[in-house]
Amino acid sequence: MNGSPPFPADEREESLVNGLSCGNPDSVHDFLEATHRPVYLMATRLTRDDDLRHDWTHEVLLKIVEELGRGRFEYRWPGCFWSWFQKRSYFLLINLYRRQKQHEGRWTSGEIGEEILERMDLPGDLDPSEMIETVEARDALETCLDRLVRTEHRDALHLLLFEEQSYQEIAERLDTALNTVRSWIRRARTAVRECLAAHYDLEDSSWE
């Protein structure tokens, strides 16, 4: 996904993000039309199976549209969306690749990492096992976040962890009192901690 973004990094980019955030059908159509090929080309570097390439591309793009609709990205400056989009689509593709290999039951995490380094032309000094562990850890965290019943709890903690926004910024973003945001995040952390403890078969412990 190298080169220029599908849309200019100007007011059109911001307009697109706003449209996607509110589920505008025209914006969704324009986004899918513009981004299908870049994501598909990235998928071709991970698998020779054309059905998988199309399936992964479709799943990645729909996931990103869903996340935008849930307010998981905020436009701040020209180009920020395409920077986020590239990193996010890359992560989602790697995660799909990892799951496919583990489903086939033939590869270890280290071997998957080595294969990714070869196919994606990533820096050779990266540690494959650590890279896969990072993907797996984020996948587990996102799974636990998605299981939170209260949408406001999930969104507040996502903004804190993945967009690195301050409590004050989150309060302004969600149009909520600061103390309320603190309460949401505290409760969300407790629920996610318990979920992760179960996922990794660990005893629950304080997460600060």
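Key figures
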item: Failed item in (1) within 23 Å of residue 39 (Cα to Cα); (2) at pLDDT 75 or above; (3) not in a helix (DSSP H, G or I), with residue 148 passing the rest; result: (1)
item: Residue check, residue 97 in a helix (DSSP H, G or I), at pLDDT 90 or above, more than 23 Å from residue 18 (Cα to Cα) and outside the structural domain of residue 157 (by TED's automatic domain parsing); result: no
item: Pairs, first crowded, with 19+ Cβ neighbours inside 10 Å in the range 146-162, second of a type in the set (S, T, N, Q), C-beta under 7 Å, six or more apart; result: 159/165
item: Unmet criterion (only one of (1) modelled with pLDDT of 90 or more; (2) out of contact with any Pro (no Cβ under 7 Å at 6 or more places or on another chain); (3) farther than 26 Å from residue 170 by Cα) for residue 35; result: (2)
item: Positions within the range 43-76 being closer than 19 Å to residue 156 by Cβ, touching a Lys or Arg at 6+ places or on another chain (Cβ under 9 Å) and outside any helix (DSSP H, G or I), in sequence order; result: 70, 71, 73, 74
item: Residue in the range 63-74 that is farther than 20 Å from residue 15 by Cα and either modelled with pLDDT of 85 or more or touching a Ser or Thr at 6+ places or on another chain (Cβ under 6 Å) (or both) present; result: no
item: Selection count, the range 14-41, where residues are closer than 16 Å to residue 92 by Cβ and either of a type in the set (Gly, Ala, Ser) or not in a helix (DSSP H, G or I) (or both); result: 0
item: Members of the range 156-190 found to be closer than 26 Å to residue 84 by Cβ and either aliphatic (A, V, I, L, M) or in contact with a strand residue (DSSP E or B) (Cβ under 7 Å, 6 or more places away or on another chain) (or both), listed by number; result: 156, 157, 159, 160, 161, 170, 171, 174, 178, 181, 185, 188
item: Residue in the range 178-193 that is surrounded by fewer than 18 Cβ atoms within 10 Å (Cβ to Cβ), outside the structural domain of residue 67 (by TED's automatic domain parsing), at pLDDT below 65 and at negative phi present; result: no
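The values are calculated or read from the model by the stated rules, or taken from the named source; none is laboratory data. The structure displayed is predicted, hence computed values, not measured ones. Note that each Cβ is placed from the backbone with ideal geometry, even for glycine, and that neighbours are counted across all protein chains shown.
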